[in-house]
Amino acid sequence: MTFSSSILFASRLLFPRTGKKSNARRSLFGAFVCIGISLVPLIMVVTVSDGMIKGITERMIGLDSSHIQLVLYPNSEYASDAESMRILADSIKEYDSGVKAVYPELQGIGLASSGKGRFGASIRAVQGDVFEKNPAFASLFEILEGSGDLSARNSCLLGKKLASDLGVRAGERIRLITTKENSSGKTMPKITPLKVSGIISSGYQELDSLWLFVSLESGFDLISLSSGKAVFGIETEDAFSLNLEKTYRKLSPLLASAGRLHRWNDLNSAQYENFASTQIMLIFIMMLIVLVASVNISSALVMLVMERKKEIAILKSLGGSSGGIALSFIITGVVTGLLGVIFGLPVGLFSSLHFSGIMGGIESVVNLGAKVFYFLTAGNLSDYVPVHLLDEAFYLQNFSVVISLPKILLIALGTIVLSLLVSLIPALKAGKEKPIETLRKI
């Protein structure tokens, strides 16, 4: 039995010329639909999680750690005032051509106070024009109220969550409580009134929920280096390029006397690995769903073998080989899986591209049902709290879906291989059918 004969028999199994009803063919149809449907969430998990991880990583690098971060020693001469930090920043840019920009910053902690209460704040003293000159700040931060101007004395910018906790809006005033050492060396509390010039958000609340920005000059009045730190965010051409390591190695000996140098992946390794492991776990779970859907092919082929015993017996009596018969059923199973891939991949990619709209629709339906239930149980909706499926406290609000062609091809190939594997047992069983016993029953 030739290979072309096996393909011809497989085509007759999938698309018979007669209009005879077949439960096995309906099962094959259901199998390919199940495979296609199971691929939709898998594709969505891969593309959406890649986009979310990329968006969060961009914010961690661009808004927090920078590509390389220099943490000055507390007793460093460059940490004495804002001008000294600017001089060192200019010097770092001259050390290596791989350094594109350097942003000096003071970091500390304090207690922000308003009429609504007191809340902890992570103070970041930056250059007044950083929201314009730093591309990451300019593109990844959204100014919700007011402006990003820090040029005025005692002005500040608040993260969205902190501003909400304090119950303040742009233009209103807060008090910032920090600690400073006096001339005798004692640590004393310092209360500074600040005007909120703007409220900002990076779209990822877990990152910016406590941030309070002031100018670099104000930072030296507010933050004591005994409890805070002076850092320099060093930007290179690309945080994921091999040139980052070269720049790091060139700067390390030159800046060893000034402070400690860290790469972004050293500072964010735990969180970055957590994202990767979570994505792998989700993909594994989705692949199990695809595996379960692929098993339907095996059961459908078993039914098909039982229905086509006569045809198998006739082919064998005419010289058809067991291997050729088995190959026909294997081809039938693989083509069923391939049809599922052809159906599932476009639907999955389309769903990924419209992820926000789909989640918004599901959220609306969930909230409608929750409101009805709440009204029936409580009698009113005055205390009803809307359900948010993607709460901004845990998820990135705005991100671009990343479609990785190698991953999509790997998923398609994996699904076809699964279809091949689950087809082997019923196909081998079909090849072992004994034609004499079948023909006797005709």
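The values are calculated or read from the model by the stated rules, or taken from the named source; none is laboratory data. Quick caveat: nothing in here was measured; it's all calculated off a predicted structure. Here the Cβ positions follow ideal geometry from the backbone for every residue, glycine too, while neighbour counts run over all protein chains shown. Note: areas computed on protein heavy atoms with side chains; ligands, DNA, RNA excluded. Shrake-Rupley method; radii C 1.70, N 1.55, O 1.52, S 1.80 Å.
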*Single unsatisfied condition, residue 138 versus (1) more than 21 Å from residue 261 (Cβ to Cβ); (2) touching a residue at least 12 places away in the same chain (Cβ under 8 Å); (3) surrounded by fewer than 16 Cβ atoms within 10 Å (Cβ to Cβ)*: (2)
*If you scan the range 234-290, which residues turn out to be of a type in the set (S, T, N, Q), closer than 30 Å to residue 348 by Cα and open to solvent by 50 Å² or more (accessible area, probe 1.4 Å)?*
271, 274, 277, 278
*asked:* Given (1) assigned to a helix (DSSP H, G or I); (2) open to solvent by less than 60 Å² (accessible area, probe 1.4 Å); (3) not aliphatic (A, V, I, L, M), identify the lone condition not met by residue 319.
replied: (1)
*Collect the residues in the range 198-210 that are of a type outside the set (D, E, K, R) and either under 20 Å from residue 155 (Cα atoms) or crowded, with 22+ Cβ neighbours inside 10 Å (or both), keeping them in residue-number order.*
198, 199, 200, 201, 202, 204, 209, 210
*In the range 337-357, is there at least one residue being modelled with pLDDT of 90 or more, open to solvent by 80 Å² or more (accessible area, probe 1.4 Å) and either touching a Pro at 6+ places or on another chain (Cβ under 8 Å) or over 30 Å from residue 7 (Cα atoms) (or both)?*
yes
*Among the listed residues 231, 214, which satisfies the condition of being touching a Cys at 6+ places or on another chain (Cβ under 7 Å) and either at pLDDT 85 or above or crowded, with 20+ Cβ neighbours inside 10 Å (or both)?*
214
*Unique match (being open to solvent by 30 Å² or more (accessible area, probe 1.4 Å), modelled with pLDDT of 90 or more, among the charged types (D, E, K, R) and within 35 Å of the chain's Cα centre (by Cα)) among 195, 161*: 161
*Assess whether residue 360 counts as being farther than 25 Å from residue 51 by Cβ, in a helix (DSSP H, G or I) and open to solvent by less than 80 Å² (accessible area, probe 1.4 Å).*
no
*With respect to residue 128, is the statement that it is open to solvent by less than 40 Å² (accessible area, probe 1.4 Å), modelled with pLDDT of 90 or more, touching a Ser or Thr at 6+ places or on another chain (Cβ under 7 Å) and closer than 28 Å to residue 236 by Cβ true?*
no
